[in-house]
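Undergrad: Provided herewith is a single structure, encoded as C-alpha cells, for subsequent inquiry.
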Amino acid sequence: LRNFFSFRGAPHRIIYPAKVSGDRSIFLQNRLLSAITILLSNAIIEHQILNPNPVYFNPLNIFDFLPPKHKVITRFTEVSSREVLIRIFLVLYHNWHSYALYTCFHDILAFVFVGLNIDAPEDWPPLFGNILEAYTLRRYWSHFWHRIVYRTYVGFAKFVASLFWLSGGSFLLGIWVKFFVFGFSGAIHVIASANMGFRCGFKEELAWFLMNFVAIIAEGLILWSLKRIVAMPNSMICKGMGYVWVYGFMFWSLPKMHFAKIMCSPV
C-alpha cells in the first residue's frame, strides 16, 4: 500500500524505440502522417456528428444538458437511450479531442524542429501512451494521458510539502502529490475556461479533477484489499473489468463537468 501512494512509483516518460528515434527521415514521415491522419479524422467527426445537422446523430439541444441530466445513478429508471448515447459519445469525444488537439500540434512542432535539425527525434517523444494500458483509473492518468505538466506540478507539490517537513517517498507525501496535481490541474483548467469566455461550470470543473483523485485513492485501496484476499491474475478478464470501471467512471462523472459548461458556452 505504501508503494502505491509513494511518489517513487511514478512512471517514466515515454520515449521512442532507439531504431525509430535514430532515423530522422522516418521520424519526419511518421510525424507528418500522424498530423494529416488526425486532421482528416477530426474533420470527418466534426462533419458527421458535431455539425448542426449531423448525419448519424439528431441535433443536440439545450434540453439535453439541463441540470437534472447531470445525474444518472439517482434517476437510473428515467434515463433515456438518447441520454446514454450522448454520454457514451461524450466520453469518447473528450478523450479524442484532447488527444487529437495536443498530438497534432506536437507532431507539427516536432516536424519543424527536427526537420530544421534544431532538435533530435528523441527530443520529441509522444505525448500520449497506449490507451490499452488504461485498465485502471490510475493507469489511465499515468500510462495513457499526456504528461506535459506532470513534472512541473509534482515539483510544486514537493516544494510545498517540504515546508511541512514531509519526507520523500512517504505515505503522506504520495497522497499530497496526487491531491496537489489533480487540484492544481483543475484550477488551471478553470482559469483557462474563464479566459475562453465561459461564465459558469467552474466549480464543476474543479470538482471533476478532485473526483479523479478520490476515485484513484479508493481504487488503490480496493485493489490492495483484494490482493490480500485472493490472487489477482493479470488476465484479459481482469483487464476487461478494469476498462469497464474506467469507462463507467467517465460515463458517470464527465457530464457533471461538461454539461454545466455547455449551458454558458461562449460559442
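Undergrad: Restricting the search to segment 102-135, which residues are polar (S, T, N, Q) and assigned to a loop (DSSP other than H, G, I, E, B)?
TA: Asn117, Asn130
Undergrad: In the set Ser193, Ser265, which member is polar (S, T, N, Q), touching a residue at least 40 places away in the same chain (Cβ under 8 Å) and open to solvent by less than 40 Å² (accessible area, probe 1.4 Å)?
TA: Just a single option satisfies the conditions, and that option is Ser193.
Undergrad: Would you mind stating whether Phe179 is modelled with pLDDT of 95 or more and open to solvent by 70 Å² or more (accessible area, probe 1.4 Å)?
TA: So Phe179 passes the test.
Undergrad: Sticking with this one: Considering Arg87, Arg82, Arg138, which residue is open to solvent by 30 Å² or more (accessible area, probe 1.4 Å), touching a residue at least 40 places away in the same chain (Cβ under 8 Å), basic (Lys, Arg) and part of a helix (DSSP H, G or I)?
TA: Of Arg87, Arg82, Arg138, the one residue that is open to solvent by 30 Å² or more (accessible area, probe 1.4 Å), touching a residue at least 40 places away in the same chain (Cβ under 8 Å), basic (Lys, Arg) and part of a helix (DSSP H, G or I) is Arg138.
Undergrad: Just for segment 90-120: of the residues that are open to solvent by 60 Å² or more (accessible area, probe 1.4 Å) and touching a Leu at 6+ places or on another chain (Cβ under 8 Å), which one is nearest to Ser253 (Cα to Cα)?
TA: Per the stated criteria, the residue is Tyr102.
Undergrad: Check segment 203-212 and report whether any residue there is over 24 Å from Glu83 (Cα atoms) and basic (Lys, Arg).
TA: No.
Undergrad: Looking only at segment 38-79, which residues are among the acidic types (Asp, Glu) and open to solvent by 100 Å² or more (accessible area, probe 1.4 Å)? Don't jump to the end; show me each part of the working.
TA: Keep residues of segment 38-79 that are among the acidic types (Asp, Glu), which gives 46, 64, 78.
Answer for segment 38-79, where residues must be among the acidic types (Asp, Glu) and open to solvent by 100 Å² or more (accessible area, probe 1.4 Å): just Glu78.
Undergrad: Quick one: Trp165 ticks every box in (1) open to solvent by 30 Å² or more (accessible area, probe 1.4 Å); (2) assigned to a helix (DSSP H, G or I) except a single one, so which number is it?
TA: (2)
Undergrad: Turning to a different aspect of this structure: Among the residues of segment 242-254, is there at least one that is closer than 24 Å to Leu85 by Cβ and of a type in the set (Val, Ile, Thr)? Give the derivation first.
TA: Taking segment 242-254 and keeping what is closer than 24 Å to Leu85 by Cβ, we get 242-254.
Filter once more, keeping what is of a type in the set (Val, Ile, Thr): 244, 246.
Yes, some residue in segment 242-254 is closer than 24 Å to Leu85 by Cβ and of a type in the set (Val, Ile, Thr).
Undergrad: Right, next: Is it the case that some residue within segment 25-35 is over 30 Å from Asp119 (Cβ atoms) and either modelled with pLDDT of 85 or more or exposed (fewer than 10 other Cβ atoms within 10 Å of the Cβ) (or both)?
TA: Checked segment 25-35: no residue is over 30 Å from Asp119 (Cβ atoms) and either modelled with pLDDT of 85 or more or exposed (fewer than 10 other Cβ atoms within 10 Å of the Cβ) (or both).
Undergrad: What about Gly174, is it out of contact with any Lys or Arg (no Cβ under 6 Å at 6 or more places or on another chain), among the small types (Gly, Ala, Ser) and surrounded by fewer than 17 Cβ atoms within 10 Å (Cβ to Cβ)?
TA: Numbers: out of contact with any Lys or Arg (no Cβ under 6 Å at 6 or more places or on another chain): yes; among the small types (Gly, Ala, Ser): yes; surrounded by fewer than 17 Cβ atoms within 10 Å (Cβ to Cβ): no.
No.
Undergrad: Which one is farthest from Ser193 (Cα to Cα), of the residues in segment 226-267 that are of a type in the set (Ser, Thr, Tyr) and touching a helix residue (DSSP H, G or I) at 6+ places or on another chain (Cβ under 7 Å)?
TA: Within segment 226-267, the match that is farthest from Ser193 (Cα to Cα) is Tyr247.
Undergrad: Would you mind telling me which numbered condition in (1) open to solvent by 30 Å² or more (accessible area, probe 1.4 Å); (2) closer than 27 Å to Leu132 by Cβ; (3) modelled with pLDDT of 95 or more Ile222 fails?
TA: Condition not satisfied by Ile222: (3).
Undergrad: Residue by residue through segment 212-254, note down the ones that are under 21 Å from Leu172 (Cβ atoms), touching a residue at least 40 places away in the same chain (Cβ under 8 Å) and within 16 Å of the chain's Cα centre (by Cα).
TA: Within segment 212-254, Asn212, Ala215, Ile216 qualify.
Undergrad: Provide a single number: the residues in segment 141-190 that are under 18 Å from Gly220 (Cβ atoms), among the aliphatic types (A, V, I, L, M) and in contact (Cβ under 8 Å) with a residue 40 or more places away in the chain.
TA: Qualifying residue count for the region: 4.
Undergrad: Does segment 150-157 include one or more residues that are farther than 30 Å from Asn234 by Cβ, of a type in the set (Lys, Arg) and surrounded by fewer than 13 Cβ atoms within 10 Å (Cβ to Cβ)?
TA: Checking segment 150-157: not a single residue is farther than 30 Å from Asn234 by Cβ, of a type in the set (Lys, Arg) and surrounded by fewer than 13 Cβ atoms within 10 Å (Cβ to Cβ).
The values are calculated or read from the model by the stated rules, or taken from the named source; none is laboratory data. A quick note: this is a predicted structure, and the numbers were derived from the prediction, not measured. Reconstructed Cβ throughout: ideal geometry from the backbone, glycine too, with neighbour counts over all protein chains shown. The area values use the complete protein model at the heavy-atom level, side chains included, leaving out ligands, DNA and RNA. Shrake-Rupley method; radii C 1.70, N 1.55, O 1.52, S 1.80 Å.
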